[in-house]
Each structure stands twice: as C-alpha cells, then as structure tokens.
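So the structure is just underneath, and the comments pick up after that.
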Amino acid sequence: MLDSDKCDTKTRVSRYGIMGGTFDPVHYGHLVTAEAVRDEFKLDKVVFVPTGKPPHKKGYKVTDAKHRYLMTVLATVTNPFFEVSRIEIDREGYTYTIDTILEFKKMQPEDTKIYFITGADAVLEILTWKKVGELLRLCNFVAATRPGYEPSQLNEMIKYVEKVHGSTIHMVEVPAMAISSTDIRNRIKANRPIKYLVPESVEYYIMKNGLYR
Ligand code: NAP
C-alpha cells in the first residue's frame, strides 16, 4: 500500500500520470499500460502527451503531430481518467521531457505527485536526457516492459539511479505491450489487418487519412 493511501482522502495529495510517447500510432498496449499504472499507483488522472519534435528522433520519419494527437484523443475518449495534452506538439524547437514536467507542475498544486510513464527502452536512455538530475527529483518514473523483456540492463540502471540520484524507477510488465506501433505500421504497409490492436476509431482514422501506406 502507498503511504498516502492511508491518509484521509481530504488530505491526500493528487497523483498525476504523464504518459509520454510518440504514439505513432497509439494502440491498446498504451491504453492498457496507462490504466494498469493508474490503478497500481492510485493516480487521479493520466495525461497522454504525444511528442513534439523529440531530439532523439533526428533522421527518423515520424507522422505529423496533428494525426498522432487526434488518434490519441480518439483512443482515450471513453476513459474519464484519461486526457490528452498538446503541450509538446505546440512547443517550438526540440521537445525535452524536463520542459514538459516543469510546465505541467506550474499548472498544478505544488504538492501534486507526478509519475512519468513510458516504455522501458526509452527509460534506459534517461541518463542522456536534458537535466536528468532535476527531472528525477521532480517526478517518479514508470518503465513499461513488453512480455519477454530482458530486464538486466534496466535493473542495473535503476540501481545506479537510486545510488547516484536517490530516485526510484518503477518497472511494470504489461502483457498487452506485445502490441507495438512498429508492428502496426508494418502490417498496414503489408496490407495486413490491425483490427483489435487499436481502437476501431483509430483504425478508421488511419484508413481515412491513408496513414502508414
Ligand atoms: P520510442 O523510442 O519511440 O519508444 C521506445 C519504446 O517504448 C518502444 O518500444 C515503444 O513502443 C515504447 N513506448 C513508448 N511510449 C510508451 C508509453 N507511453 N507506454 C508504453 N510503452 C511506450 O520512445 P519515444 O516515444 O520517442 O519517447 C518516449 C518518451 O520519452 C517521450 O515522452 C519522449 O519525449 C521522452 N524522451 C525524452 C527525451 C529527453 O527529454 N531528452 C529523450 C528521449 C525520449 P511503441 O513503439 O509501441 O510505442
């Protein structure tokens, strides 16, 4: 049980999840991850933040932010605990997580606890991120892993971060993360079905706009 779960609900501080990802496209694996983490860490809300211009994706082709944002809105519309933010896609220049967290913190009461949720492979690179020390102080990290993920490298990194920065990174295995955006894009290119991998509204949006062909 988490410490603040023992408190009176009136004195309990808010806990927000920030679900960071490219979402190219968003799929059921992301939705199940967000809901599982919301439940495990008793989050009041999970805000999906599609990436703007991520520094580590120079040279990669990423679908227009307008489409990734709209697909994320369609996918999350039925969950009252989920929201989608344009905070990164509206930002000029490269987008760094530290700027997102600082901006988000300005909009919330000071004692709001923030959980930054993303894929384990992204978390593995966290030591290269801008102002990592400050970032680790400002929020808790949750790394979602796929079935079969070999955790030894991430475990080493978690130990290092605990020792050097005094921060904890939580690892959560999500069976539904067997679904991947890369596989969905490849399936569409190969004219194979994506039914039941993404919400129907997202599937229709992809077809209507001829994405990933
Ligand atoms: P990515 O390299 O596209 O994805 C890495 C892995 O994580 C993929 O397997 C991906 O699966 C999975 N993944 C991504 N987002 C996820 C989520 N929310 N939940 C569960 N699994 C997820 O990583 P990315 O999407 O570009 O970056 C992830 C986050 O880290 C973003 O918010 C990004 O801004 C942040 N980031 C910040 C910095 C920085 O501040 N310097 C640097 C790098 C990344 P799918 O392909 O199936 O999604």
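The values are calculated or read from the model by the stated rules, or taken from the named source; none is laboratory data. Because the structure is a prediction, the values reported are computed rather than measured. Methodologically, a virtual Cβ is constructed for each residue, glycine included, from the backbone with ideal geometry; neighbour enumeration extends over all protein chains shown. These accessible areas exclude ligands, DNA and RNA; they are computed on the full protein's heavy atoms, side chains included. Shrake-Rupley method; radii C 1.70, N 1.55, O 1.52, S 1.80 Å.
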- Query: What's the FRET efficiency of ARG137 with VAL32 using the Cβ-Cβ distance as r and R₀ = 25 Å, to the nearest 0.05?
  - Reply: 0.30
- Task: Hey, can you grab everything whose amide H is under 5 Å from the amide H of ILE18? Only 5+ residues off in sequence or another chain; H modelled, so Pro and N-termini drop out.
- Result: VAL47, TYR115, PHE116, ILE117
- Task: Just read off the accessible area of LEU136 with the full protein assembly in place, 1.4 Å probe, to the nearest 10 Å².
- Result: 10
- Item | Listed residues MET177, MET171, MET107 arranged by accessible area, highest first, probe 1.4 Å | MET107, MET171, MET177
- Item | Amide H contacts of VAL84 (H built 1.01 Å from N, under 5 Å, at least 5 apart or other chain) | PHE48
- Rounded to the nearest 10 Å², the accessible area of LYS130 using a 1.4 Å probe with every protein chain kept is 80
- Note on the structure: Debye calc, one equal point scatterer per Cα of the chain, no solvent, log10 I(q)/I(0) at q = 0.15 1/Å comes to -1.01
- Answer check: region 101-177, Cα atoms, Kirkwood Rh, Rg/Rh ratio of 0.99
- Message: Can you pull out the GluC sites (Glu not before Pro) in region 78-178 whose DSSP state is coil and whose Cβ has at most 13 other Cβ atoms within 10 Å?
- Response: GLU92, GLU110, GLU125
- With all protein chains present and a 1.4 Å probe, how do ARG38, ARG15, ARG86 order by accessible area, largest first? ARG86, ARG38, ARG15
- Item | For region 71-125: rounded, prolate or oblate by the Cα gyration tensor [a/c cutoff 1.5] | rounded
- Query: When the label point is put 7 Å from the Cα of LEU102 along its Cα-to-beta-carbon vector, which residues of region 133-157 have a backbone N closer than 15 Å?
  - Reply: 133-139
- Note on the structure: With +1 on the Cβ of every Lys and Arg and -1 on the Cβ of every Asp and Glu, the dipole magnitude of the chain about its Cα centre, in debye rounded to the nearest 20, is 640
- Note on the structure: Semi-axes in Å, largest first, for region 145-213 (Cα gyration tensor, √(5λ)) are 36, 12, 11
- Going through the DSSP H helices of the chain, which span 30 Å or more along their own axis at the Cα atoms while scoring at least 0.5 as a mean Kyte-Doolittle hydropathy? none
- Query: At what distance in angstrom do the alpha carbon centres of region 76-135 and region 150-172 lie from each other?
  - Reply: 19
- Query: Per-residue accessible area for SER85 at 1.4 Å probe radius, Å² rounded to 10?
  - Reply: 30
- Task: Can you sort LYS45, LYS113, LYS208, LYS53 by 1.4 Å-probe accessible area, starting with the largest?
- Result: LYS208, LYS53, LYS113, LYS45
